[in-house]
Amino acid sequence: MSNLYIHYPFCKQACHYCNFHFSTTKEGREDMFKLIKNELHLRSKELTDPIESIYFGGGSPSLISPENIYSFIDLIKNKFKIKQNIEVTLEVNPDDVTEEYLLNLKNAGINRLSIGIQSFFEKDLIIMNRAHDVNQAHKSLELAGKFFQNFSIDLIYGMPYSSLANWKNNLEIALSYNPPHISAYALTVEEKTVLHHKVKEKKIDLLDDDYVKQQYDILLKTLEKEGYINYEFSNFGKQNYFSINNQNYWIGKPYIGLGPSAHSYDGKYLRTWNVSNNHNYAKSIMSGVLDLKIEKLSTKDLYNEYLMTALRTLEGVSLAHIKKSFGKRYTLYLEDQVKRHLKYRNLFWDGDYLKVAKKAKFLTDGIAADLFLV
Ligand code: SF4
């Protein structure tokens, strides 16, 4: 099985925390979609396995017309093998949502929406420089529930000046729309973003880590109480609503990323990615030769990446998998490295699986880094 990711590199305006590859220019948007389709043709030989999920991300793929989305999905269905219950997700910004748009998306073959709400507070949206306002956030969810059974709300916690009560309130409002899936990410300050600049200039104060941890604990507690399963550090789903795209990514299944900056992985050891420049991407596609960067992952890289992703998941790290895929040296190393965390009950064994204790969940990435082979 393989997965297809499409990176549409345009946005209406730049969110101040975002370091993804995108452009706010209005030029070339239509052409870009044609180029992405051409890339699909150029790489068709790589798509031999049935496709299990298609994910339109970006950027802002809700700027793509439903006609283009339809023609793309149609092309895939006609040209490639696909799994019967294929998941087809589109990331949607609330300001792009209208009744007509959602209906057309549904007819085009989209069966899952990931809606970038981020917050139900105007103050947060202004700090983030999101293109939508609170009214649009509400409206988009009312309509999403009307047309889609499967949709996810994206939220951001750890917002500057946000209180625990604010965050709890954000979750309660999200829950009032009964979403089958919620993703919640801590605000991170990425280099070269406006947020980074403002923090450096002391124009914005960040929350301290302990306060962000308290918000994460509220997230775990609130969503668990409502029947959501925390199947990955930042992802919560009702039974049968876990994202296929995300899960396949975490368990290391192959995926093909189309569009500028999109990454691909062969499921073994090769990672490639397209040039992060729209103009150079267009040039390469038109010449018929992809402008790809290639990274060959070493056994050590694969081991560290497996630990990082698996420890964040509900399933945890499988010792049998470590033994089979990495051998004795790595198994002994892991068993030695975990001792301290087992002693402090940050980690525990559940049969063959190493898992993070609830009290230490917020520290998952740091614990994983402790277990890395360096
Ligand atoms: S809409 Fe998404 S991709 Fe675009 S700038 Fe905002 S966060 Fe980044």
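Annotations
- Of residues in region 1-27 being more than 16 Å from the ligand (Cβ to nearest atom) and either part of a loop (DSSP other than H, G, I, E, B) or in contact with a His (Cβ under 7 Å, 6 or more places away or on another chain) (or both), the one most open to solvent (accessible area, probe 1.4 Å): 27
- Restricting attention to region 28-61, the residues that are open to solvent by less than 10 Å² (accessible area, probe 1.4 Å) and in a helix (DSSP H, G or I) total 6.
- Residue list for region 168-201, restricted to those being surrounded by fewer than 18 Cβ atoms within 10 Å (Cβ to Cβ) and touching a Ser or Thr at 6+ places or on another chain (Cβ under 6 Å): 185
- First in region 125-140 and more than 14 Å from residue 12 (Cα to Cα), second anywhere and more than 9 Å from the ligand (Cβ to nearest atom) and hydroxyl-bearing (Ser, Thr, Tyr), Cβ under 7 Å, 6 or more apart: 125/119
- When restricted to residues that are among the aromatic types (Phe, Trp, Tyr) and within 12 Å of the ligand (Cβ to nearest atom), region 113-124 contains 0.
- Hey, residue 127 within 16 Å of the ligand (Cβ to nearest atom), in a helix (DSSP H, G or I) and touching a Pro at 6+ places or on another chain (Cβ under 8 Å) or not: yes
- For region 230-278, residues that are at pLDDT below 95, over 16 Å from the mean Cα position of the chain (by Cα) and under 26 Å from residue 360 (Cβ atoms) total 0.
- Taking the criterion of being buried (at least 18 other Cβ atoms within 10 Å of the Cβ) and either without any contact (Cβ under 8 Å) to a residue 12 or more places away in the chain or not in a helix (DSSP H, G or I) (or both), the residues of region 205-229 that qualify are 207, 228.
- The residue of region 247-302 that is surrounded by the fewest Cβ atoms within 10 Å (Cβ to Cβ), among those that are of a type in the set (A, V, I, L, M) and touching a Phe, Trp or Tyr at 6+ places or on another chain (Cβ under 8 Å), is 292.
- Scanning region 130-148 for residues that are within 16 Å of the ligand (Cβ to nearest atom), of a type in the set (A, V, I, L, M, F, W, C) and not in a helix (DSSP H, G or I) turns up just one, 131.
- Within region 127-167, the residues that satisfy the criterion of being open to solvent by less than 10 Å² (accessible area, probe 1.4 Å), aliphatic (A, V, I, L, M) and farther than 18 Å from residue 88 by Cα are 128, 137, 141, 155, 159.
The values are calculated or read from the model by the stated rules, or taken from the named source; none is laboratory data. Keep in mind the model is a prediction, meaning the values are calculated, not measured. Using ideal geometry, Cβ is built from the backbone for each residue, glycine included, and neighbour counts are taken over all protein chains shown. For the accessible areas, the whole protein counts, side chains as well, though only heavy atoms, and no ligand, DNA or RNA atoms are used. Shrake-Rupley method; radii C 1.70, N 1.55, O 1.52, S 1.80 Å.
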